[in-house]
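Read the figures in this text as sums done on the coordinates, not as results from a lab. These numbers were taken from a predicted model, which means no experiment stands behind them. Every residue, glycine among them, receives a Cβ derived from its backbone with ideal geometry; neighbour counts consider all protein chains shown.
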Amino acid sequence: MDLAFILIQLLNGLQYGLLLFLVSSGLTLVFGIMGIINLAHGSFYMVGAYLAWSLASMTGNLATAIAIAIPLTVVLGMALEKLLFRQLYTRDHLYQVLLTYGLILVFEELRSIIWGDDVHGVAVPALLNASIPLTENLSYPVYRLAISGVCLLLAFALYVLIQKTRLGMMIRAGASNRDMVQSLGIDIKLIYTLVFAMGVALAAFAGMINAPLSSVTPNMGSHVLIICFVVVVIGGIGSVKGAMAASLMIGLAETFGQVLVPEVAGMIVYVLMAIVLVWRPEGLFGRK
Amino acid sequence: MSQNDKDVFARRGFLKGTAAIAGATAVGTLLPAAAAVAQQSKLKIGLMLPYTGTFAQLGVAITNGFKLAVDERGGKLAGREIEFVTVDDESNPAKAPENVNKLVQRDKVDVVIGTVHSGVVMGMAKVLKESGTLWINPNGGAGAMTGAMCAPNFFRTSFSNWQTTHALGKVLKAKGHKTAVFITWKYAAGEEMMEGFKEGFEKEGGKLVKELYTPFPQVEFQALLTEIASIKPDAVVAFFAGGGAAKFLKDYQAAGLKGKIPLYGSGFLTDGVLDAVGDAGEGVETTLHYADGLDTKKDKAFRLAYAKTFKLQPDVYAVQGYDAGQLLAAGLDAVKGNVADKAGVIKGMEAAKIDSPRGVWTLSKAHNPVQDMYLRKVVGKENKSQGVAWKALADPARGCKA
């Protein structure tokens, strides 16, 4: 492998890492900050992808589809929080596991009833439907680079929101001591509803902008769920910075693992997770 | 029903089942007259197929195909009425033994038809080898079923994984390709298809320069596509299915490889995904035992009847289900419906010449179809037949001693 291809693989790894960050960002919020074990994260991702597909085929435009779909998923998130998740904050984690596992089944069945079991594709928006030639026979799709840009923007926005704004301060305070925050006169219920809805919308958004790349299939959510938990655990629970670092690490490890040691490529991510957890049980950027 | 109740149930069923089997053997050997009585009862056919999950549509297509074959015979096989018992196997290998036991021991079916997922097929094989129940597999291509695990009561009407790629070696040679890269998921079916291709290609003097694997069911191909670009083989051969296949075809095009390095594959790469991939599939050539545009009388009649009955277009899975019905009919006709004469049914099926929509096929010694493999080319939304790539291809059935 010459230098050019090593550099391209580096690009592949970073790009895949950013994609992982995008997909797991919603889980970082809901699991990392609110402490809810949300197994239905993958289902929200799937809902986003199917919404993008059906709205894009109706409106003929992915951007319009996304603009319509995001408010829908925010409403979905708020409704789920108010009706279901709110009952579980004071209970054991096991209840959350049960509820969110149930939600996976409900969403899969609804998907089957509403949209059927076919594999669908979403066209890449015309504006971004181009490739940049890298070598004589390999080119890089512009859409992938555009997604990377969106991921970076999103990471920055999340960081600012949580670390630098008043709302972010309240979210962080609520995460460490819910009762205290409430007795200080802050409407913690509203904040939790907002954060949860944001988590759902982020997961769905990831599904939407990823739809042209990954195609839209039944059970697509369960494929991303595990890797999302790995990202959050390696990065450290509650840390957006950690999730970013973990995503990039996994992206690079998977890419170079597949090329250099294909026999064990399937294990690399988990070995990486084990090493990180032995070295820092709280994750890369987790609080002790 | 709680888990506990279920266990008690399964256990009771098991005990009853064993007793019944012991009883049946005794009656069968001592009192041939009992068989004649049994003939008046309905023939019990157990369908163990996926009716939920990713493969749900395949399960439905196979069921439809099978029922069409029965309908064509007046709703009866060898003059006997049919009772269907269905079990949803959920494509879950962990539940395979339990599910097949429901049919064999609780329902005491005469024949088991199933299934799609190769892992579940292997789970079924263990149970059915012991029980000796007649078994027709209408899809799952695990080589071992008609290889190391083969048994007199095991039949398959679909393909072995090896078969679906073996003919590609000849195809690539004819096109002047000397080197190739194979890319697939790292799991049993992928590896068997890789073996099938490698053998066929090397026999023709070609060289498989690299085998590329990605963990199942991962769909991030970018690193491996870069690898392909750096190797620059004459051709790429791929096996993926469903959503993974759709994504691979699109990524191959997006990476600029389409049109520079020709792409070939096992037929499943382009089956059922052409609506999803736009023009990314156009021109991709694959081999499979069925194709669009075969233009035979049998295929046309089948497609018409299927579309009329189910308001759906048939696919390769429907054909495999239909042939499972035809094969069973041939076996039962040979014994005039007396299914208790298992050896007679098996003989009848072994001798059958199945007039399938895919073309006429017969069974190998290991009970896998000896069939023509078509070369197909994606044209629009169809896998158009380009003619036969390999006439009467038989699986080598390695390790089969039965």
Toy charge model, Lys and Arg Cβ at +1, Asp and Glu Cβ at -1: the protein assembly as shown dipole around Cα centroid in debye, rounded to 20, equals 500
Length-normalised contact order of chain A, Cα under 8 Å, at least 6 apart, in percent, tallies to 37
Taking the square root of 5λ for each eigenvalue of the C-alpha gyration tensor of chain B, the equivalent ellipsoid has semi-axes, largest first and in whole angstrom, of 39, 22, 19
The stretch A:23-88: relative contact order from alpha carbon pairs under 8 Å, six or more residues apart, as a whole percent, is 18
For the A:Leu145, B:Asp71 Cβ pair and Förster radius 56 Å, calculated FRET efficiency rounded to 0.05 is 0.55
The stretch A:1-65 and the stretch B:337-397 have their Cα centres apart by a whole-number Å value of 43
Checked against a 29 Å limit on the C-alpha separation, the offending pairs among B:Lys108/B:Lys336; B:Lys76/B:Lys342; B:Lys178/B:Lys258; B:Lys247/B:Lys297; B:Lys178/B:Lys353; B:Lys247/B:Lys308 are B:Lys247/B:Lys297; B:Lys178/B:Lys353; B:Lys247/B:Lys308
With -39,500 (n - 2.57) per DSSP H segment of 4 or more residues and division by the full residue count of chain A, the 222 nm estimate, nearest 500 deg cm²/dmol, is -24000 deg cm²/dmol
tail above 24 Å in the computed P(r) of the stretch B:164-257, as % of all Cα-Cα pairs, reads 16
Here the whole-number average of other chain Cβ atoms within 10 Å per Cβ of A:214-225 is 5
Here the gain from full extension of A:Thr135 to A:Arg172, 0.36 nm per residue of separation minus their alpha-carbon distance, amounts to 8.6 nm
Rounded to the nearest Å, the spacing of the alpha-carbon centers of the stretch B:193-214 and the stretch B:91-168 is 27
So for R0 = 25 Å, FRET eff. of B:Lys210-A:Val271 from the Cβ-Cβ r, to 0.05, ends up at 0.55
A correct Stokes-Einstein calculation for the protein assembly as shown, using the alpha-carbon Kirkwood radius, 37 °C and 0.692 mPa s, returns a whole-number D in µm² s⁻¹ of 121
Over the stretch A:116-184, the quotient of the Cα radius of gyration and 2.2 N^0.38 Å is 1.90
Once both label points are put 7 Å beyond Cα along the C-beta direction, the A:His93-A:Ser112 separation in nm becomes 3.0
Rounded to the nearest 500, the 222 nm mean residue ellipticity computed for chain B from DSSP H runs (n ≥ 4, each -39500 (n - 2.57)) alone is -13500 deg cm²/dmol
Measuring from the longest principal axis of the C-alpha atoms of chain B, the long axis of helix B:3-30 (C-alpha) lies at a number of degrees, nearest 10, equal to 70
Percent of all Cα-Cα pairs per 5 Å bin for the stretch B:217-370, counting from 0 up to the last occupied bin, reads 2, 8, 14, 15, 13, 12, 11, 9, 7, 4, 2, 1, 0
Length-normalised contact order of chain B, Cα under 8 Å, at least 6 apart, in percent, tallies to 18
Using alpha carbon positions and the Kirkwood radius, the Rg to Rh ratio of the stretch A:171-288 is 1.06
Taking a crude spin-label model, label points 7 Å out from Cα along the C-beta direction, the B:Lys178 to B:Ala301 distance in nm is 5.0
The orientation-averaged projected area of the Cα convex hull of the stretch B:102-225, in nm², is 8.9
In vacuo Debye sum over C-alpha of the stretch A:38-102, base-10 log of normalised intensity I(q)/I(0) at q = 0.14, 0.15, 0.28 Å⁻¹, listed in q order, is -0.50, -0.55, -1.15
Under the Karplus relation with 6.51, -1.76 and 1.60 and θ = phi - 60°, whole-Hz ³J(HN,Hα) for the stretch B:53-67, x at Gly and Pro, equal x, 4, 9, 3, 5, 5, x, 5, 4, 5, 4, 4, x, 4, 5
